[in-house]
């Protein structure tokens with residue numbers, strides 16, 4: 001399978017459809033597309049593995065974003081978050097024989113960029129699917145595998161801005177979320193990275209003029225541009241490649257092969273494609289080929 005970038009040069013007006021879908025997702029009890037929950041899943045896992053422990057307990061906690069339309073979003077009246085990250089998480093949860101639509105069995109924990117590693121290290125969550133870029137540094141403290149999609153960093157500015165690329169922002173303050181790789185990329189490009197706790201807060205700082213621009217994955221920015229149609233726009237070419245993966249605890253290294261197996265199956269049986277089309281597809285962006293999975297570390 002070809003390692004394909006999800007282009008963030010998404011037509012912002014087209015994304016309005018995606019956001020409308022995201023806003024309505026929480027009105028349904030299941031929070032999104034149905035998945036097939038595997039029966040007798042615990043019997044398929046070896047004794048002593050964390051997967052068997054979760055399957056036997058029938059409960060799991062998954063860390064996701066709440067403020068990224070199309071990827072991980074939860075409105076005030078939603079029972080379950082919606083978005084591409086969430087749909088991929090549902091496939092993993094269902095493979096354990098746990099119903100992702102049952103809020104007594106599956107806890108969807110809001111996980112911001114700055115607490116993804118701590119939550120995994122502390123055991124507060126069992127998995128993280130929260131626009132989680134795979135990096136060598138993060139793999140020193142948590143497990144990461146995938147990727148299940150690839151994107152690139154761009155810039156969000158006011159609609160009346162003359163800025164055309166990150167190169168036009170040298171020396172100026174550009175925000176992203178604290179703990180994200182985006183801050184590092186901003187600084188590398190000569191701008192001054194400023195971190196906030198959430199993407200929504202960062203967007204507001206652009207809108208009120210506190211900072212000149214925001215920068216993170218283009219797919220995230222396009223969602224906010226559509227949400228603030230006529231006020232914000234995404235500009236410039238991608239200036240990084242971000243491989244988005246699944247986080248797990250290094251205390252359970254056996255999870256890597258299991259996660260990759262579920263992802264590989266989703267690539268082959270069409271469920272990955274359906275998840276993409278149901279969440280990001282309405283924007284008009286072409287459905288890419290699934291990316292090539294990283295190999296798991298040797299046991």
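The values are calculated or read from the model by the stated rules, or taken from the named source; none is laboratory data. All of these numbers come straight from a predicted model, not from anything done at the bench. Note that we place each Cβ from the backbone using ideal geometry, even for glycine, and neighbour counts take in every protein chain shown.
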Legend entry - Sole exception among (1) closer than 24 Å to residue 115 by Cβ; (2) more than 23 Å from the chain's Cα centre (by Cα); (3) not in a helix (DSSP H, G or I) for residue 75, by number: (2)
Legend entry - Matching helices (runs of 4 or more DSSP H) fully within the stretch 197-271 where at least 1 residues are touching a strand residue (DSSP E or B) at 6+ places or on another chain (Cβ under 8 Å) and under 18 Å from residue 185 (Cα atoms): 199-207, 218-227
Inset, instruction - Considering each residue of the stretch 166-186, count those that are under 24 Å from the mean Cα position of the chain (by Cα) and either surrounded by fewer than 24 Cβ atoms within 10 Å (Cβ to Cβ) or at pLDDT below 95 (or both), and give that number. - result: 9
Inset, instruction - Would you mention how many residues in the stretch 112-131 are modelled with pLDDT under 95 and either assigned to a loop (DSSP other than H, G, I, E, B) or crowded, with 22+ Cβ neighbours inside 10 Å (or both)? - result: 3
Inset, instruction - Give the residues of the stretch 17-65 that are at pLDDT below 95, surrounded by fewer than 21 Cβ atoms within 10 Å (Cβ to Cβ) and under 30 Å from residue 197 (Cα atoms), sorted by residue number. - result: 17, 20, 21, 23, 24, 26, 27, 28, 29, 30, 33
Inset, instruction - Would you point out which residue out of 100, 147 is in contact with a strand residue (DSSP E or B) (Cβ under 6 Å, 6 or more places away or on another chain), crowded, with 19+ Cβ neighbours inside 10 Å and part of a loop (DSSP other than H, G, I, E, B)? - result: 100
